[in-house]
Structure formats: structure tokens, C-alpha cells
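A.B. asks: Below is the structure I would like to discuss, written out as C-alpha cells.
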Amino acid sequence: MVDKIIDPQFEKETISFGTFKDHWVPKDYLNEFYNSPIVVPDELEAIRFQIEYNKILCDNPLVLEFGCGPTVHRTIAIAPYVSEIHMVDYLQSNLDEVKKWFKEDVESHNWDHYIKYILECEGIKNPTNDDIFDRKKLTRSKVTRFIRADAGERYPLGTNYEGHYSHVFSGFCADSATDDKNIWKKYMLNIASLVSPNGTFFITALKKAKYYKSGQLFFKSANIDEIDLRKILEVDFLPQDITIHSINLPELEREGYTGIYIAQAQKKKNKLLKDIKT
């Protein structure tokens, strides 16, 4: 069943809410945000920041993307800086969509315009088709595992993976999976448990968003602000090494939000998951 409300933001238009379990369609999400030949405004900012952050990664690490959704652009962006990538999502349908791209399925989503922008952010002027092809080949060689996991589990990948990854990145994941702020906190702590002591975390989130659009439906969001994000990061990460960028994007109001947060943090030494307090 789809919930419906009338929201003044949409000029008294009735909007309908879906749930991940019953209504999520990966292709709808890709068509909503990633089908245009132009990179969408929030990803222009998120990718640019991610590229700069990638450059500080050391020792060619094994990394994890938690909550990849049906997208591959964040993995494409980090591929040259790491030895190996594991991709995780809650929905098998999202992972199936991602695998199409890695298998070069003719029905897979076309990410070439995103690859072109990523290469431009890395300093390559006017990337050629060969440059784009090489980046695809490199990315496909770096991803070694696709894992279905639930951020609601205390150990999302099992106890052996607590503190396993020296770098974890997560884009529009925990905040886009629930409208309950306490559940969002739990998701964040559980994802953070996968970062090794002294490891790093790169995260993007919707800014003060109650929902976002995918296809004909809206999906609820946790409506977090910068204070919420900083407080939850300070549980596991060094306060002095937490950086949060708040970016206003009013042109995305029709998508259900008007800005994003981009954060990076370094985990406390000898810090692993503790009892969840919500």
C-alpha cells in the first residue's frame, strides 16, 4: 500500500510514498537522477569532493562502498586509488543492476558522462573515448565482491568484518533508508563499525530532507541536520578530524530536498563497535 500526503512544498499536490521492500525500482531511480547527459548538481559537488579525498588514501587499501544502490559512479571515482573494492547494498535488485554494468550487459545503465566528469575532476582535459574505456576496464578489475547486507544488523557483514576496512564510503545511504532518526543513528553506527581503527570514512547525505523522489513515488528520509551528523560521527571518529561541508542546492526542491552534506572523518585508534544507544 502506498501512503499519500498533501505537502505545501508541492503547491498542495498529493505525493505518494513507497517502501524499499515493496516499491523500489532501480531503473526508476537511475532515470530520476542519472539518465540526463548532464551530471546532476548534487553529484557534481559530491564527486568533486570525493576525488580530492581519494588523493589522500594511503597504501593502496581494500575499501568498502556501503549502500551502492543501483549506481557505480562512486566506485568508478575511487578505483585508481585502491587495490580492491567490495560493494554492499540492502536490496538484491540494486546489486543485480550494478552487476549488469560490470558484466557489460547491453541493458546496463550508461555511466560514460559520469566517467567523463570524474576524469575532468582528476585533471584530464577533454577525456577521450579511450580514456573512458580505460577507466571502465580499471574499475571492473578492482571490484571483487558484491554483498547483500543490512545496516540494521549490529554487525552488517558478520563479526569477522568489524573494523575490517581502512576506508569506507557511503553515499546517500543511511539517511535515505528511514524517516526515523533513531534508526538512522543505528544504521550510521553499524556502518561505522566496519571502519578500522585509524581508518577513514567518507559520507554524503541529504540535507534536512523528509523525502526524495524516485519515479512516480517519494521515499522517506531522516531529515538530519549538520548537528545530527556531527554528533553521530563523534561517537566513533576523532572530533578534530571530522569535516562536514554543507551545500545548498535549491534547484533540487522538486526532488524533495534542497541541499546535501559531504563529510569525511578519521576513526579513533582502537575504537570498535560499542553497545548502540539511541
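A.B. asks: Charges only on Cβ, +1 for Lys and Arg, -1 for Asp and Glu: so what's the dipole of the range 125-275 about the Cα centre, in debye to the nearest 20?
C.D. replies: 340 debye
A.B. asks: Still on this model: Which one, THR204, HIS73, ILE85, projects farthest toward the positive side of the charge dipole computed for the chain from Cβ point charges (K/R +1, D/E -1)?
C.D. replies: The one lying farthest along the dipole's positive direction is ILE85.
A.B. asks: Then there's this: Assuming 0.890 mPa s and 25 °C, estimate D for the range 67-143 with Stokes-Einstein, Rh taken as the Kirkwood radius over Cα pairs, in µm²/s.
C.D. replies: Values: Rh = 12.8 Å.
Result for D is 192 µm²/s.
A.B. asks: Sticking with this structure for a sec: How much area per residue is accessible in the range 195-271 when the probe is 1.4 Å and only protein heavy atoms are counted (Å²)?
C.D. replies: Roughly 42 Å² per residue, with all protein chains present.
A.B. asks: May I ask you to give the percent of accessible area on the chain that is carbon plus sulfur, with a probe radius of 1.4 Å?
C.D. replies: Carbon plus sulfur share of accessible area: 47 percent.
A.B. asks: Now for a different question. So for the range 175-278, averaging the separation of alpha carbon pairs under 8 Å that are six or more residues apart and normalising by length, what relative contact order in percent results?
C.D. replies: 36 percent
A.B. asks: Sticking with this structure for a sec: Please give the length that would be gained between ASP225 and ASP131 if that part of the chain were fully extended, namely 0.36 nm times their separation in residues minus their C-alpha to C-alpha distance (nm, one decimal).
C.D. replies: Taking 0.36 nm per residue and subtracting the Cα distance, the gain is 30.0 nm.
A.B. asks: May I ask which of LYS100/LYS231; LYS181/LYS213; LYS27/LYS210; LYS100/LYS208; LYS100/LYS185; LYS142/LYS267 have a Cα-Cα span longer than 30 Å here?
C.D. replies: From the list (LYS100/LYS231; LYS181/LYS213; LYS27/LYS210; LYS100/LYS208; LYS100/LYS185; LYS142/LYS267), the Cα-Cα distance tops 30 Å for LYS100/LYS231; LYS100/LYS208; LYS100/LYS185.
A.B. asks: For a quick check of your reading of the filter: which GluC sites (Glu not before Pro) in the range 58-111 sit in a DSSP loop and have no more than 15 other Cβ atoms within 10 Å?
C.D. replies: Sites meeting the loop and neighbour criteria: GLU104, GLU107.
A.B. asks: Also, quick follow-up: Kindly state, to the nearest 0.05, the FRET efficiency for TYR155 paired with ASP112, given R0 = 45 Å and r defined as their beta-carbon distance.
C.D. replies: On the way: r = 37 Å, r/R0 = 0.83.
Here the calculated transfer efficiency is 0.75.
A.B. asks: Still on this structure: For the chain, with a Gaussian network of springs between Cα atoms less than 10 Å apart, report the residue from CYS58, CYS173, CYS68 with the top mean-square fluctuation.
C.D. replies: Evaluated over the chain, the most mobile residue of the options is CYS58.
A.B. asks: Same structure again: In nm, what is the difference between 0.36 nm times the number of residues separating GLU84 and ASP96 and their Cα-Cα distance?
C.D. replies: Net length gain for the segment: 2.4 nm.
A.B. asks: Just the number, please: Stokes-Einstein D of the range 167-206 in µm²/s, Kirkwood Rh from C-alpha pairs, 37 °C, 0.692 mPa s.
C.D. replies: Details: Rh = 10.4 Å.
Approximately 314 µm²/s, per Stokes-Einstein.
A.B. asks: Which loop trypsin sites (Lys or Arg not before Pro) in the range 229-268, with loop taken from DSSP, have no more than 12 other Cβ atoms within 10 angstrom of their Cβ?
C.D. replies: Working: sites: ARG230, LYS231, ARG254, LYS267, LYS268; in loops: LYS268.
Passing sites in the range 229-268 do not exist.
A.B. asks: Moving to a separate point now. Dividing the Cα convex hull volume of the chain by residue count, how many Å³ per residue is that? Display every interim value, and only then the final one.
C.D. replies: Numbers: hull volume 35.7 nm³, N = 278.
In the chain, the Cα convex hull volume per residue is 129 Å³.
A.B. asks: Which three semi-axes in whole Å describe the equivalent ellipsoid of the range 185-241, each the square root of 5 times a Cα gyration tensor eigenvalue, listed largest first?
C.D. replies: In descending order, the three semi-axes are 26, 13, 9 Å.
The values are calculated or read from the model by the stated rules, or taken from the named source; none is laboratory data. Quick caveat, the model's predicted, so the values are computed rather than measured. Please note: Cβ atoms are built from the backbone with ideal geometry, for glycine as well, and neighbour counts cover all protein chains shown. Side chains are part of the model used for accessible areas, which takes the heavy atoms of the whole protein and leaves out ligands, DNA and RNA. Shrake-Rupley method; radii C 1.70, N 1.55, O 1.52, S 1.80 Å.
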